[in-house]
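The values are calculated or read from the model by the stated rules, or taken from the named source; none is laboratory data. Everything numeric here is computed off the predicted structure, so don't read it as measured data. Note that each Cβ is placed from the backbone with ideal geometry, even for glycine, and that neighbours are counted across all protein chains shown. Accessible surface is based on the protein model in full, side chains and every heavy atom, while ligands, DNA and RNA are left aside. Shrake-Rupley method; radii C 1.70, N 1.55, O 1.52, S 1.80 Å.
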Amino acid sequence: MPTKTIQNLKMNFQIKTIADYNQAYKQSVDQPEAFWADIADNFYWRKKWDKVLNWDFSSPNIKWYEGAKLNITENCLDRHLQDKGNQPAIIWEPNDPEEHHRVLTYTQLHQQVCLFANALKNNGAKKGDRICIYMPMVPELAIAVLACARIGAIHSVVFGGFSAQSIADRINDATCNLVITADGGFRGAKDIPLKNVMDDALVQCPSVKKVIVLTRTRSPISMIKGRDVWWEDEIKKAETLGMHSHQAEEMDAEDELFILYTSGSTGKPKGVVHTCAGYMVYAAYSFQNVFQYQAGDTYFCTADIGWITGHSYIVYGPLAMGATTLMFEGVPTYPDAGRFWDIVDKYKVNVLYTAPTAIRSLMQSGLDFVKDKDLSSLKTLGSVGEPINEEAWNWYNENIGKRNCPIVDTWWQTETGGILISPLAGITPTKPCFATLPLPGIQPILVDEKGEEILGNGVSGNLCIKFPWPGMLRTTYGDHERCRINYFATYPNMYFTGDGCMRDEDGNYRITGRVDDVINVSGHRIGTAEVENAINMFTDVVESAVVGYPHAIKGQGIYAYVILNKQAIDANLTRQDITMTVSRIIGAIAKPDKIQFVTGLPKTRSGKIMRRILRKIAEGETENLGDTSTLLDPSVVEAIKNERV
Ligand code: WT7
């Protein structure tokens with residue numbers, strides 16, 4: 001019986017001092033395999049690995065802990081049952097503060113996951129299947145994710161803000177055969193009709209045979225006989241059949257754990273693939289060390305499980321470490337802009353992890369929403385998703401942390417699986433606007449356009465990582481070549497992040513933003529090509545070009561230059577039509593903030609749009625546009641400048 005070993009394991013890889021950090025960092029570079037083997041020794045393996053690391057960035061072919069057998073949910077649930085069975089695993093705060101919150105202990109969460117794993121199997125799901133999850137932020141979302149992992153099915157969570165078309169694209173790309181959704185979801189004053197949107201998507205998805213629907217809003221929905229079943233009924237069935245326990249499926253270290261779609265420079269989102277062992281080790285290791293979580297702490301990450309932050313730092317990382325993770329269904333401004341602080345006060349939150357966009361929006365609402373809240377439980381603050389500006393950093397530090405909580409500005413990506421560059425709370429120094437130092441095990445490098453390493457300090461360049469780490473992506477689903485071209489071909493023998501970066505005199509890293517055609521809107525990545533494709537689907541559009549521009553709350557806003565085939569009779573109405581079209585094609589998150597109608601776009605003689613110029617104009621810079629002599633028709637620039645919106 002593995003139970004004894006499972007529960008006797010103690011997690012022991014916490015870096016506690018700066019000396020520990022330096023030593024760990026050095027070892028991770030000198031003896032990476034020994035370093036990562038020691039960390040992995042803290043997990044529960046059905047069988048240990050034969051080889052820690054096998055890698056070749058040119059294919060790429062990256063394998064961690066090859067030969068090992070495990071199930072991540074045994075590490076997130078079963079192993080905690082003996083010592084922490086009665087400790088809250090998930091605390092759930094509903095959208096409506098009047099509704100009762102819920103607490104699931106490790107014992108209860110384990111049981112729910114087992115029941116739902118059995119329900120999935122009863123509905124024909126099996127190891128290797130791809131399952132799409134489109135749900136609101138309720139505990140059942142975490143249960144669904146973990147139940148998929150338990151049976152060895154690959155989950156593909158789609159954020160609740162995506163449109164039917166986006167869901168369909170993702171379901172079809174991964175040929176999912178099962179969908180887990182809910183009738184609807186509450187977000188602020190809104191009631192999101194998730195099942196209706198899913199129904200619209202499924203018209204285009206022949207691979208989907210079963211849809212499991214959770215009741216949340218109890219709004220009227222269609223339920224198709226033979227295809228759609230209620231979550232609650234399936235749980236009851238499993239209970240009646242006495243299926244309260246579930247023997248987790250044995251997975252190979254490199255079996256796929258999940259797919260998560262993210263935007264890139266092309267029009268089509270990429271299905272980033274993470275695998276079982278490496279992802280587990282890295283999510284837990286980074287969670288523990290960055291946040292310095294201590295037993296009994298309440299940890300609150302405000303992200304949605306539909307994004308990587310929610311995967312790694314609401315579900316897998318905290319649960320692997322036996323933490324108490326708080327899940328919030330709603331939005332920071334409902335019922336008012338004090339909601340986060342109410343939650344911190346109510347549950348005595350010790351670690352708060354949120355995004356600069358939320359901080360900026362709450363900052364704008366004023367201190368009245370903060371002043372009567374007891375925030376004294378807070379020990380550590382985190383930031384993620386985009387560069388945090390100095391003003392927001394200072395506000396967060398002074399008014400939330402009361403200058404008493406280290407702020408960990410965590411830089412990472414969907415592809416990296418976990419945090420790569422960040423202070424370790426209270427251990428390594430912080431510096432406003434800097435993600436500071438790499439975690440032990442991470443080897444950043446700055447390169448110039450030609451891929452030459454930029455040595456020394458006080459320099460800037462493109463950020464790459466020159467050695468593998470366990471949490472990195474392995475492929476893009478169904479298209480390995482795309483993974484190679486996107487991440488491993490720009491500069492040979494390194495992983496290219498797509499970010500620009502500077503390194504200060506002390507070796508601290510500051511991420512300056514994307515160097516590709518990707519916009520970061522409220523901490524979410526949106527490809528300009530994707531938005532252009534959606535705009536171009538509007539009936540009267542001939543061509544469009546989309547760029548980012550600085551936005552006070554969102555970090556970056558979406559600025560679209562659009563050529564119509566006829567003059568709009570009512571320009572504002574046409575703007576709204578275009579916005580609606582984008583919403584329909586991608587989702588509300590990709591709506592342009594500004595649309596300027598133009599008669600021509602600045603193009604080179606070879607027909608390439610000069611985005612540099614469009615970016616400058618969108619930013620409000622109309623004087624120093626740089627060299628425009630290579631333009632086919634320089635006069636279009638004048639016209640665009642004069643009609644800026
Ligand atoms: C991109 C990744 C990682 C979870 C959320 C976003 C930007 C992320 C920071 C930070 C400056 C940051 C980068 C990165 N980014 N964190 N602390 N400072 N920029 O995940 O959607 O995969 O986006 O977000 O540009 O490449 P994502």
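Any idea what the dipole of the chain comes to, in debye rounded to 20, about its Cα centre with Lys/Arg Cβ at +1 and Asp/Glu Cβ at -1? Mind showing how you got there, number by number?
Working: 66 positive and 75 negative charges, 175 e Å.
It comes to approximately 840 debye.
Before I look further, what does the chain give for accessible area per residue, probe 1.4 Å, in whole square angstrom? Display every interim value, and only then the final one.
On the way: 24390 Å² over 645 residues.
Here the residues of the chain average 38 Å² of exposed surface.
Within 10 Å of each candidate Cβ there may be at most 10 other Cβ atoms; applying that plus a DSSP loop requirement, which trypsin sites (Lys or Arg not before Pro) in the stretch 220-312 survive?
Answer by residue number: 225.
Per residue of the stretch 477-487, what does 6.51 cos²θ - 1.76 cosθ + 1.60 with θ = phi - 60° give for ³J(HN,Hα)? Whole Hz please, x for Gly and Pro, Karplus curve as stated.
Couplings: 4, x, 7, 5, 4, 4, 4, 4, 5, 5, 10 Hz.
Sort 73-79, 346-352 for me by packing, meaning the mean count of neighbouring Cβ atoms within 10 Å per residue, highest on top. Each step should come with its number before you reach the end.
Details: 73-79: 25.9, 346-352: 20.7.
My ranking of the peptides, most packed first, is 73-79, 346-352.
Can you tell me what percent of all Cα-Cα pairs in the chain are more than 49 Å apart? Don't skip to the end; give the middle numbers.
Details: 19870 of 207690 pairs.
Value for the chain: 10 percent of Cα pairs lie more than 49 Å apart.
May I ask you to give the percent of accessible area on the stretch 105-257 that is carbon plus sulfur, with a probe radius of 1.4 Å?
Numbers: 2790 of 5450 Å².
The value for the stretch 105-257 is 51 percent carbon and sulfur by accessible area.
Using r as the Cβ-Cβ distance of residue 232 and residue 209, and R0 as 22 Å, what FRET efficiency do you calculate, to the nearest 0.05?
Details: r = 20 Å, r/R0 = 0.92.
Working from the Cβ atoms, E equals 0.60.
What order, most packed first, do the peptides 493-504, 179-190, 462-473, 274-285 have when packing is the mean number of other Cβ atoms within 10 Å of each residue? Don't jump to the answer; show the numbers that get you there.
Numbers: 493-504: 20.2, 179-190: 21.9, 462-473: 23.7, 274-285: 28.4.
So the order, starting with the most tightly packed, is 274-285, 462-473, 179-190, 493-504.
Give a residue-ordered list of calculated ³J(HN,Hα) values for the stretch 245-257 (Karplus: 6.51 cos²θ - 1.76 cosθ + 1.60, θ = phi - 60°; whole Hz; x for Gly, Pro).
3J(HN,Hα) across the stretch 245-257, in whole Hz: 10, 8, 6, 4, 5, 7, 10, 6, 3, 9, 5, 6, 9.
Using label points projected 7 Å from each Cα along Cα→Cβ, tell me how many nm separate residue 639 and residue 537, to one decimal.
Taking the simple label geometry, residue 639 and residue 537 are separated by 2.8 nm.
Which value, in Å to one decimal place, does the Kirkwood hydrodynamic radius take for the stretch 148-199 when every pair of different Cα atoms is included?
Details: mean 1/r = 0.0827 Å⁻¹.
Answer for the stretch 148-199: a Kirkwood hydrodynamic radius of 12.1 Å.
Heavy atoms only, 1.4 Å probe, whole protein assembly: order 155, 244, 551, 100 by accessible area, highest first.
Details: 155 0, 244 80, 551 50, 100 155 Å².
Ranked list, largest accessible area first: 100, 244, 551, 155.
How much of residue 300 can a 1.4 Å solvent probe reach, expressed as accessible area in Å² and rounded to 10?
So the heavy atoms of residue 300 present about 0 Å² to solvent.
Of 452, 415, which has the most accessible area and how do the rest follow, probe 1.4 Å? Mind showing how you got there, number by number?
Working: 452 110, 415 0 Å².
Sorted by accessible area, descending: 452, 415.
Taking amide H positions as placed 1.01 Å from N in the peptide plane, with prolines and chain starts having none, which residues 5 or more places from residue 53, or on another chain, fall under 5 Å of its amide H?
For residue 53, whose amide H was placed from the backbone, the distant partners under 5 Å are 65.
For the stretch 6-143, give the magnitude of the charge dipole about the Cα centre (Cβ charges: +1 Lys/Arg, -1 Asp/Glu; no others), in debye to the nearest 20.
Working: 16 positive and 17 negative charges, 122 e Å.
Here the size comes out at about 580 debye.
Can you give me the Cα centroid spacing of the stretch 555-613 and the stretch 300-361 in angstrom?
If you average the Cα positions of each part, the centres end up 34 Å apart.
For the chain, what does -39500 (n - 2.57) per DSSP helix run (n ≥ 4), summed and divided by total residues, give at 222 nm, in deg cm²/dmol to the nearest 500? Walk me through the numbers before you get to the answer.
Details: 20 runs with 186 residues, N = 645.
Mean residue ellipticity at 222 nm (helix-derived): -8000 deg cm²/dmol.
Sorted by accessible area (1.4 Å probe), largest first, how do 135, 537 line up? Show your work: numbers first, answer last.
Working: 135 10, 537 120 Å².
Sorted by accessible area, descending: 537, 135.
In the chain, which whole DSSP H runs stretch at least 15 Å along their own axis (Cα) and average -0.5 or higher on the Kyte-Doolittle scale? Before the final figure, lay out the partial values.
Details: long enough: 18-30 (18 Å, -0.96); 106-122 (24 Å, -0.12); 139-151 (18 Å, 1.61); 276-291 (23 Å, 0.73); 571-585 (21 Å, -0.11).
Span-like helices here: 106-122, 139-151, 276-291, 571-585.
Could you tell me which of 143, 495, 35 has its Cα farthest along the dipole of the stretch 1-513 towards the positive end, charges placed at Cβ (Lys, Arg +1; Asp, Glu -1), taken about the Cα centre?
143
What is the distance in Å between the Cα centroid of the stretch 91-145 and that of the stretch 209-230?
16
Starting from the Kirkwood Rh over alpha-carbon pairs, what translational D in µm² s⁻¹ does the stretch 518-642 have by Stokes-Einstein at 25 °C and 0.890 mPa s? Don't skip to the answer; put the middle values down first.
Numbers: Rh = 14.8 Å.
Translational D for this selection: 166 µm²/s.
How many percent of all Cα-Cα pairs in the stretch 133-227 sit more than 21 Å apart? Write out the running numbers ahead of the final one.
On the way: 1130 of 4465 pairs.
The answer is 25 percent, as a whole percent.
Considering only protein heavy atoms and a 1.4 Å probe, what is the carbon-and-sulfur percentage of the accessible area of the stretch 522-645?
Details: 2960 of 6070 Å².
In the stretch 522-645, the share of accessible area belonging to carbon and sulfur is 49 percent.
Obtain the nm distance between the two label points defined at residue 449 and residue 103 by a simple spin-label model: each point lies 7 Å from its Cα along the Cα-to-C-beta direction.
Output for this residue pair reads 6.0 nm.
Under 14 Å from the Cα of residue 371, which aspartates and glutamates turn up, not counting those fewer than eight places away in the same chain?
Those aspartates and glutamates meeting the cut-off are 336, 342, 345, 398.
In straight Cα distance, which lysines are under 22 Å from residue 450, not counting same-chain residues fewer than 8 positions off?
Correct list for residue 450: 466, 608.
Taking H placed 1.01 Å from N in the peptide plane, check which residues at least 5 places from residue 251 or on another chain put their amide H under 5 Å from its amide H.
Those qualifying (amide H under 5 Å, at least 5 residues apart or on another chain) are 70, 71.
Of the cross-linked pairs 190/348; 190/210; 379/402; 209/237; 16/48; 127/209, which ones have a Cα-Cα span greater than 21 Å in the structure shown? Walk me through the numbers before you get to the answer.
On the way: 190/348 28 Å; 190/210 27 Å; 379/402 10 Å; 209/237 19 Å; 16/48 27 Å; 127/209 16 Å.
Result: 190/348; 190/210; 16/48 exceed 21 Å.
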